[in-house]
Amino acid sequence: MDYLMMAALVSPMILAIGGIVCFAFAFIMKGRNRAWTGTISATFFTVTFITFLALAIRGFDAASDSVYAVLTPNNLGLLIALLSSGLGSVASIYSQGSLDPEGPVTHFYPLMLFAIAGTIAIGFANDLFTMFVMVELSALPSYALVAYYHNKRKAATVASIKYFVQGIAGTLTALFGISLMYVSAGTLKVSELQTALFICPNYLCALSAILIISGYGVKIALVPLHTWLPDAYYFAPTGVTAIMAGATKAGAAVALFRAVAALPITSINAAQIGLVISILAILTMTFGNFLALGQKDLRRMLSYSSIAQMGYVLLGFGVGLQYSVELGLMAGLFYLAVYGIMKGGAFLCAGAFSKATNGGNKFDELKGVGARHPVVGVSFALFILGLIGIPATAGFPGKLMLFQAGLAPLYSNSWLNWGTVLIVALALNSALSLGYYVPALNIILFKSEHGGIVHSSKIPTGIIIAIVPLAITTVILGLYPQLALNLADPGSVLFRPGGWP
């Protein structure tokens, strides 16, 4: 029996048990001792991360290794599990240094553990219903966590309700699309759907695709289904925002594209789905960047830019599906992973800056804070440069592969085709993002504190410890992207529709 494989595949259950342990500990402990709940949570996440890392280094036989009928080992799940458990670990450490232990921490860490448990299971699930249930397991705790500060901020409750209502609408829409596939096929196992849906009417498969894209599109904040995101990211605790932006969104994206890949190519053209996704990608990145341009608040700016970044991810998948370009699927998956690291780290830095300025979030209140706290300041610079796509950061190989995937259609006979539009859109949006990323770096790292607010003398050590590993990973994956591509390349095969040439 492969005990390492078993430990990896039962990790969602272990994290759920960890949630119960954290709840019991926080409930029993009194006063400031409850802060140690964050250490317990981080321990569960770290052990899970090490388990998956050991499995990634050792490798596995995907054809023979399987513990549960609904969970099957694969490189896609391994990549998502490493991303999610790693972000969960640093978010727990960060939260221990930033949350008031007298607050409702009894629920905070258990809900975080449940959310990450669901996200990890999505990657290993081999049927659409299990993926759907796990997406909801990761989303339901997030609805509650957004309202964590409801006693201090009434707007947090409003943001949570907005997120909940739109999320439930997306849930029902996606479930309807999956149900249509089940009625037609009699199964939801991904490996069987291509054959089972062979005689499915074209209109029914097309309707399923539209419903699934729309439903899961709410979860990943596609434009125009994005309106819940800015307030949810802004009012949630910083650690929660980091895992929502980097982990749970990645899980929903995986569920979306695995469901689309399960549709039979004989009934619905993958190129047509790719075209729809490419158009949504352009809308998402363009609207996200324009909305981020006018923001005067760092967390608001990062929230809107998260919408734009998801547009870049979608572009890779859109090109891959539309033109049968495997590099597009791999680039989309790689960028999805590194985006989670960089955006999660950027939000943690924003929270650290807010703590250093006694609650400041507006740029006028953050002048020079990065220079006063150089470790966090340099880390923030690395995350932003990575999101821009500067060499030696993880964002550079990601955007480079997206450009390469978009160039593939240009070798066709037509002198002007959709690939040209995609490349121009990506280039223009990357340039547009400089309009808010560069001023933010300038204000935080180089502006004088004069005219701002007085900075506190210290950022808690736990917060710094949480941020630095993400900054280091951003550089390592920028210099050695193959470390992630070793999982993203074979993992992206699961996004290929059946019948590809």
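Laboratory data are not the source of any read-out in this text; all were calculated from the coordinates shown. Keep in mind that what you see is a predicted model, and the values were worked out from it rather than measured. Positions of Cβ are backbone-derived with ideal geometry, glycine not excepted, and every protein chain shown enters the neighbour counts.
Count neighbours as other Cβ atoms within 10 Å of each site's Cβ, and list the chymotrypsin sites (Phe, Trp or Tyr not before Pro) in segment 168-230 that are DSSP loop with at most 16 such neighbours.
Of the chymotrypsin sites (Phe, Trp or Tyr not before Pro), the ones in loops of segment 168-230 whose Cβ has at most 16 other Cβ atoms within 10 Å are Phe198.
What FRET efficiency comes out for Val375 versus Leu172 if R0 is 41 angstrom and r is the Cβ-Cβ distance? Round to the nearest 0.05.
According to the calculation, E is roughly 0.35.
Let me have the 222 nm mean residue ellipticity of the chain computed from DSSP H runs of 4+ only, each contributing -39500 (n - 2.57), with the sum over all residues rounded to the nearest 500.
The per-residue figure over the chain is -24500 deg cm²/dmol.
Fewest Cβ neighbours within 10 Å first, please rank Phe446, Phe45 accordingly.
In increasing order of surrounding Cβ atoms, one gets Phe446, Phe45.
Please give the length that would be gained between Asn202 and Phe446 if that part of the chain were fully extended, namely 0.36 nm times their separation in residues minus their C-alpha to C-alpha distance (nm, one decimal).
Gain on stretching Asn202 to Phe446: 82.0 nm.
With a point put 7 Å past each Cα toward its Cβ, work out how far Val468 is from Ala24 in nm, to one decimal.
According to this spin-label approximation, the distance is 3.4 nm.
Starting from the Cα of Val424, move 7 Å in the Cα-to-Cβ direction to define the label point; list residues of segment 270-285 whose amide nitrogen is under 13 Å from there.
The answer is none, because no backbone nitrogen lies closer than 13 Å to the label point.
If we count other beta carbons within 10 Å of each Cβ, what is the order of Thr238, Thr195, Thr284, fewest first?
Listed from fewest to most nearby Cβ atoms, that is Thr195, Thr238, Thr284.
Can you spot the lysines whose alpha carbon is less than 18 Å from Lys447's alpha carbon? Ignore those fewer than 8 places along the same chain.
Lys296, Lys362, Lys367
Using Cα atoms only, what is the angle between the long axis of helix 105-124 and the major principal axis of the chain, expressed in degrees (0 to 90) to the nearest 10?
For 105-124 against the chain, the angle is about 30 degrees.
Between Ile279 and Ser191, what length in nm is gained on full extension when 0.36 nm per residue of separation is reduced by their alpha carbon distance? Walk me through the numbers on the way to the answer.
Numbers: separation 88, 0.36 × 88 = 31.68 nm, distance 2.85 nm.
Between Ile279 and Ser191, full extension yields 28.8 nm more.
May I ask for the longest run of the chain untouched by trypsin sites (Lys or Arg not before Pro) that are loop-located per DSSP and have at most 12 neighbouring C-beta atoms (other than their own) within 10 Å?
Answer from the scan: 297-457.
At q = 0.12 Å⁻¹, what is the base-10 log of I(q)/I(0) for the chain according to the Debye formula with one equal point scatterer per Cα and no solvent? Please give it to two decimals.
-1.04
What is the gain in length, in nm to one decimal, between Lys458 and Asn269 on full extension, counting 0.36 nm per residue of separation less the C-alpha to C-alpha distance?
Values: separation 189, 0.36 × 189 = 68.04 nm, distance 5.69 nm.
Between Lys458 and Asn269, full extension yields an extra 62.3 nm.
Please determine, in degrees from 0 to 90 and to the nearest 10, the orientation of helix 418-446 with respect to the longest principal axis defined by the Cα atoms of the chain, where the helix direction is its Cα long axis.
Compared with the principal axis, the helix lies near 10 degrees.
Once the Cα atoms of helix 75-98 and of the chain are each reduced to a long axis, what angle between those two axes, in degrees from 0 to 90 to the nearest 10, is obtained?
It is inclined by approximately 20 degrees.
Once both labels are modelled 7 Å past Cα along the beta-carbon direction, what's the Leu400-Asn358 spacing in nm?
So the two model labels end up 4.7 nm from each other.
State to the nearest 20 debye the size of the charge dipole of the chain about its Cα centre, where the only charges are +1 on K and R beta carbons and -1 on D and E beta carbons.
Roughly 1240 debye for the chain.
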